[in-house]
1. Once you place label points 7 Å from the Cα toward the Cβ at A14 and N27, how far apart are they in nm?
2. How much net charge surrounds A14 when only the other residues with a Cβ under 13 Å from the Cβ of A14 are counted, with Lys and Arg +1 and Asp and Glu -1?
3. Could you state the principal axis extents of the C-alpha atoms in the range 1-59, from the largest down, to the nearest angstrom?
4. What full-extension length gain, to one decimal in nm, is calculated for R66 and R35 as 0.36 nm per residue of separation minus the Cα-Cα distance?
Amino acid sequence: MDDQIDLGQPSALARYKRLIWRLVICNMIYGVARRDALVATGGFPDVFSPDHVVLARLVLQGRVLRVGGHCICAARTVRLRRPTRIVSAGWPT
């Protein structure tokens, strides 16, 4: 399934309508976004498909630009030799 949806329209309503009518799978949530834009969404609500809600709130804030290609392959994992420090992203709890 392809979730490469063009969300670069100038109108917030046009972006929102395009997203809700064409979103099937939600791989876009794993993309790169500005921290302040993600925080402004209020985080992942305790509802069915919270990733869809976050994406809908993002497209209402502004255009979503796509970058071609894959930046990471999820099938490849690296085993860390020492524990890493986990830093809070500042999301509301």
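1. That separation, rounded to one decimal, is 2.6 nm.
2. Working: positive: R15, K17, R18, R22, R63; negative: D6.
Spelling it out: positives minus negatives among the neighbours equals +4.
3. Its Cα atoms span 25, 23, 19 Å along the three principal axes.
4. Working: separation 31, 0.36 × 31 = 11.16 nm, distance 1.68 nm.
Fully extending the segment from R66 to R35 adds 9.5 nm.
Since every read-out is calculated from the coordinates, none of them should be taken as a lab result. Nothing here was measured: the structure is a model prediction, and the numbers come from that model. Counting neighbours? That spans all protein chains shown, and the Cβs are built from the backbone with ideal geometry, glycine included.
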